[in-house]
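Single-structure report; data block below.
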Amino acid sequence: MLYGQPTGYLNGSPDIRCIIEGRPRVILVDTGSSVSLIQSGVSTSKLNQAIVKPFGVTGDELRVKGDQRVSFTINGEEFVHVFCVCTIPTEADAILGMDFLRKAEAWVTPYFLLFLLNGFQFL
């Protein structure tokens with residue numbers, strides 16, 4: 001069982017350190033985002049045509065360039081998830097939205113992030 005604390009906060013949301021394609025990155029955990037987003041250029045995986053049209057908090061449609069299936073590692077555990085590629089107004093490289101958090105059966109509190117996958121718990 002592996003628990004952990006966020007490594008910091010950006011704009012009031014917890015962020016976590018991860019590795020994407022061998023490079024250290026910062027991912028923001030955002031329970032207010034229905035989809036996961038990644039900045040253009042963070043991943044070199046194939047850019048596919050996006051099947052969703054996400055909207056920002058202002059109600060404006062985000063200019064999605066496509067989506068990418070991205071592998072990333074958090075505390076030695078590897079995940080693969082599809083992110084919408086667009087410019088996001090944060091210093092983070094990506095945002096983990098509720099699409100990932102639901103799939104990962106994640107519990108998010110102000111103090112720690114807990115993922116439950118396949119009966120195992122980890123940060």
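The values are calculated or read from the model by the stated rules, or taken from the named source; none is laboratory data. Source: prediction; values computed, not measured. Glycine also receives a Cβ, built like all others from the backbone with ideal geometry; neighbour counts cover every protein chain displayed. Heads up: the accessible areas ignore ligands, DNA and RNA and are worked out on the full protein's heavy atoms, side chains in. Shrake-Rupley method; radii C 1.70, N 1.55, O 1.52, S 1.80 Å.
Of all the residues that make up segment 49-61, how many are out of contact with any Lys or Arg (no Cβ under 8 Å at 6 or more places or on another chain) and either over 14 Å from Ser33 (Cα atoms) or not small (Gly, Ala, Ser) (or both)?
Final tally of qualifying residues: 9.
Pull out all pairs, ordered by first then second residue, where Cβ-Cβ is under 7 Å, the residues are six or more apart or on different chains, the first lies in segment 14-43 and is over 15 Å from Gln68 (Cβ atoms), and the second is modelled with pLDDT of 90 or more and assigned to a loop (DSSP other than H, G, I, E, B).
Hits for this filter: Asp15/Ala92; Val26/Ala92; Val26/Asp93; Leu28/Ala92; Asp30/Gly97; Ser33/Gly97; Ser34/Gly97.
Can you name every residue in segment 62-112 that is hydrophobic (A, V, I, L, M, F, W, C), out of contact with any Gly (no Cβ under 7 Å at 6 or more places or on another chain), surrounded by fewer than 17 Cβ atoms within 10 Å (Cβ to Cβ) and more than 17 Å from Ile20 (Cβ to Cβ)?
Met98, Trp107
Exactly one of these conditions fails for Val52: (1) surrounded by 12 or more Cβ atoms within 10 Å (Cβ to Cβ); (2) within 13 Å of the chain's Cα centre (by Cα). Give me its number.
So the condition that Val52 fails would be (2).
Cβ-Cβ under 7 Å, sequence separation 6+ or interchain: first residue in segment 90-106 and hydrophobic (A, V, I, L, M, F, W, C), partner in a loop (DSSP other than H, G, I, E, B) and open to solvent by 50 Å² or more (accessible area, probe 1.4 Å). Which pairs?
Every condition considered, the pairs that remain are Met98/Thr31; Met98/Ser34; Leu101/Thr31.
Please go through segment 32-52 and pick out each residue that is under 13 Å from Thr87 (Cα atoms) and touching a helix residue (DSSP H, G or I) at 6+ places or on another chain (Cβ under 7 Å).
Ser36
Please go through segment 63-79 and pick out each residue that is farther than 20 Å from Asp15 by Cβ and either part of a loop (DSSP other than H, G, I, E, B) or under 11 Å from the mean Cα position of the chain (by Cα) (or both).
Arg63, Val64, Lys65
Among the residues of segment 1-57, what is the count of those that are modelled with pLDDT under 90 and part of a strand (DSSP E or B)?
Residues flagged as modelled with pLDDT under 90 and part of a strand (DSSP E or B) within segment 1-57 amount to 12.
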